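Okay, so here's the structure we're looking at.
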Amino acid sequence: MFRPKIPTMPTPTGHVTPPAVVEPTTVVPAAQTTQPAPAVPAPAPSRPTVQLTPGTDLALVGGGTAVVLVVGAVLVSMLLAVAITGASVAVCAVVLRSLLASETKRR
């Protein structure tokens, strides 16, 4: 009942083909040609610059503040949960100790 049952490897059924033999091929390097350098340099791609307006600054500060408050609330709630759990375990330990002490005094 408590012995583990080890699965057996299934045997292949039907026609089994042997693995194909792969023969190595030789690599022939192609003749290298040099390309002439362009006479005119390519223009640099134009990227739009990010401009921060006072409204954008205010939105970034508000968003950062919200993130800090949410993360702080989550961390404080986790700390509170750990503290409550520790206190309840301590109370249970004191009650069990007193019960066991009163049991030994009766005998």
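The values are calculated or read from the model by the stated rules, or taken from the named source; none is laboratory data. Source: prediction; values computed, not measured. Heads up: the accessible areas ignore ligands, DNA and RNA and are worked out on the full protein's heavy atoms, side chains in. Shrake-Rupley method; radii C 1.70, N 1.55, O 1.52, S 1.80 Å.
Consider just the alpha-carbon atoms of the chain and return their Rg together with their Dmax, both in angstrom.
Rg, Dmax (Cα atoms, Å): 37.8, 106.
Measure nothing but the geometry: give the 0 to 90° angle between the long axis through the Cα atoms of 54-106 and the longest principal axis through the Cα atoms of the chain, rounded to 10°.
Between the helix axis and the principal axis of the chain, the angle is about 40 degrees.
Excluding ligands, DNA and RNA, what is the solvent-accessible area per residue of the chain at a probe of 1.4 Å, expressed in Å²?
105
At a 1.4 Å probe radius, carbon and sulfur cover how many percent of the accessible area of the chain?
About 71 percent, which is the carbon plus sulfur part of the accessible surface.
Give, in nm to one decimal, the length gained when the segment between residue 52 and residue 15 is fully stretched (0.36 nm per residue of separation minus the Cα-Cα distance).
Contour length minus the Cα-Cα distance gives 6.2 nm.
Expected output is a single nm value to one decimal: the length gained when fully extending between residue 26 and residue 99, i.e. 0.36 nm times separation in residues minus the C-alpha distance. What is it?
Here the segment from residue 26 to residue 99 would lengthen by 17.7 nm.
For the chain, what is the calculated [θ] at 222 nm in deg cm²/dmol (nearest 500), taking -39500 (n - 2.57) for each run of four or more DSSP H residues and dividing by its residue count?
-18500 deg cm²/dmol
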